[in-house]
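Asks: One structure follows; several queries about it will come next.
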Amino acid sequence: MIDIKNLSYAVDGVNILHNISVQIPKGGITALVGSNGAGKSTLFSHIARLETIQQGQITIDGMDISHTPNRDMAKLIAILRQDNVIASRITVEKMLMFGRYPYHQGHPKVEDYEIVESTLKQFQLDALRERFITDLSGGQRQRVMVAMVFCQTTDYLLLDEPLNNLDMYHSKQLMKQLRQIADDYQRTIVMVLHDVNYASAYADYMIGMKNGEVLLQGAPAALLTEDNLNNLFGVKAPVVEVNGHKMVMHYL
Ligand SMILES: Nc1ncnc2c1ncn2[C@@H]1O[C@H](COP(=O)(O)OP(=O)(O)OP(=O)(O)O)[C@@H](O)[C@H]1O
């Protein structure tokens with residue numbers, strides 16, 4: 001479980017996160033949703049230890065992230081950042097092996113090769129294994145980055161907007177894959193998502209943020225009401241049910 005207690009954060013005297021206390025359950029998929037500038041990425045950066053905690057505390061499985069050594073954290077959480085810019089000439093295969101670094105420290109063992117192989121298959125990246133990351137399309141690169149996060153074999157996968165650059169087909173593919181990873185490998189996935197419909201279709205838990213605060217939390221089916229959506233996004237849209245999932249019809 002990720003336990004966030006009284007987390008506040010300010011930049012130049014401007015409060016960005018206001019005394020946030022929230023628990024992210026272990027197992028399954030949790031989606032962080034909310035309007036632009038709500039503080040999702042800032043909260044994410046704190047959980048991922050990319051930002052120093054000014055006030056408050058975050059523990060993951062009881063470990064205080066401010067006092068856990070980097071090497072231990074690297075075996076607990078794997079992160080996909082929004083600004084993962086890979087400029088180097090590195091192949092897909094090598095990129096995945098790079099994800100294993102906390103385990104092999106530059107000297108891959110049989111287990112590392114096996115995990116990279118199975119990840120290439122799991123993410124249908126076999127055909128791209130020799131390709132340089134720089135030569136891939138935005139969507140292909142995004143898939144490689146998620147695969148690299150997966151092959152770190154951590155209990156927690158933290159993904160900031162993993163659907164960036166993905167078309168309709170690949171977004172759905174990735175969400176299904178993440179669902180499978182959560183179910184079959186008992187990993188905990190926490191992701192920032194812009195599309196509440198993907199959260200509704202695939203997440204177990206949803207945290208809705210607004211103005212640096214957590215406004216709503218719970219199962220998507222319970223949270224996705226017209227009133228809540230209006231509060232969270234300022235959008236009035238009908239909510240319908242499709243195959244047991246709430247879907248927001250906000251396009252018209
Ligand atoms: N380093 C910074 N300096 C000043 N303001 C910042 C900084 N980082 C974030 N902010 C502000 O904090 C607020 C929250 O930003 P954040 O990126 O966390 O929102 P978000 O919910 O992830 O938004 P989006 O959906 O647009 O990605 C915004 O108003 C942003 O401008």
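Asks: Could you tell me the center-to-center distance, by alpha carbons, between the stretch 1-18 and the stretch 180-197 in angstrom?
Replies: Computed from Cα coordinates, the inter-centre distance equals 24 Å.
Asks: Highest mean first, what order results for 176-184, 216-224, 143-151 on Cβ atoms within 10 Å?
Replies: Working: 176-184: 15.4, 216-224: 17.2, 143-151: 23.8.
The peptides rank, most packed first, as 143-151, 216-224, 176-184.
Asks: Next up: Take the solvent-accessible surface of the protein heavy atoms, probe 1.4 Å, and return the percent of it on the chain that carbon and sulfur atoms account for.
Replies: 50
Asks: Right, something else. Reachable lysines from Lys109, Cα under 22 Å, same-chain residues fewer than 8 places away excluded?
Replies: Of all the lysines, those that pass the test against Lys109 - Cα under 22 Å, at least 8 places apart if same chain - are Lys75, Lys94, Lys121.
Asks: Taking Lys246 as the anchor, which aspartates and glutamates have their alpha carbon closer than 16 Å to its alpha carbon, excluding any fewer than eight residues away along the same chain?
Replies: By straight Cα distance, Lys246 reaches Asp195, Asp204, Glu226, Asp227.
Asks: Going by a ≥ b ≥ c, the root eigenvalues of the Cα gyration tensor, does the stretch 1-126 fall in the rounded group (a/c under 1.5), the prolate group (a/b larger than b/c) or the oblate group?
Replies: Prolate is the answer for the stretch 1-126, as a/c is 1.5 or above and a/b outweighs b/c.
Asks: Sticking with this structure for a sec: Can you give the translational diffusion coefficient of the stretch 98-229 in µm²/s, computed by Stokes-Einstein from the Kirkwood radius over Cα pairs at 25 °C and 0.890 mPa s?
Replies: 151
Asks: Which percent, nearest 5, of DSSP beta bridges in the stretch 50-189 are antiparallel?
Replies: The antiparallel fraction comes to roughly 35 percent.
Asks: Is the stretch 1-61 best put as rounded, prolate or oblate by its Cα gyration tensor, with a ≥ b ≥ c the root eigenvalues, rounded for a/c under 1.5, and otherwise prolate when a/b is larger than b/c, oblate when not?
Replies: Verdict is oblate for the stretch 1-61.
Asks: Now, a different point. Given a cut-off of 13 Å, what percent of all Cα-Cα pairs of the stretch 53-117 lie beyond it? Each step should come with its number before you reach the end.
Replies: Working: 1504 of 2080 pairs.
Within the stretch 53-117, distances greater than 13 Å cover 72 percent of Cα pairs.
Asks: Let me ask you something else. Kindly write out, for the stretch 48-53 in residue order, the coupling ³J(HN,Hα) from the Karplus curve 6.51 cos²θ - 1.76 cosθ + 1.60 (θ = phi - 60°), rounded to whole Hz, with x marking Gly and Pro.
Replies: 7, 6, 8, 10, 7, 6
Asks: Sticking with this structure for a sec: If you restrict to DSSP beta bridges whose two residues both lie in the chain, what percentage is antiparallel, to the nearest 5?
Replies: 55
Asks: Going by Cα centres, the stretch 201-246 and the stretch 46-108 are how many Å apart?
Replies: Centre-to-centre distance over Cα atoms comes out at 30 Å.
Asks: How big is the chain on each of its three principal axes, counting only the C-alpha atoms and giving the largest first in Å?
Replies: So the extents along the principal axes, rounded to whole Å, are 52, 42, 33.
The values are calculated or read from the model by the stated rules, or taken from the named source; none is laboratory data. Everything quoted here is computed from the prediction, not taken from an experiment. Virtual Cβ from ideal backbone geometry, glycine too; neighbours counted across all protein chains shown. Just the protein is used for accessible areas: all its heavy atoms, side chains included, with ligands, DNA and RNA removed. Shrake-Rupley method; radii C 1.70, N 1.55, O 1.52, S 1.80 Å.
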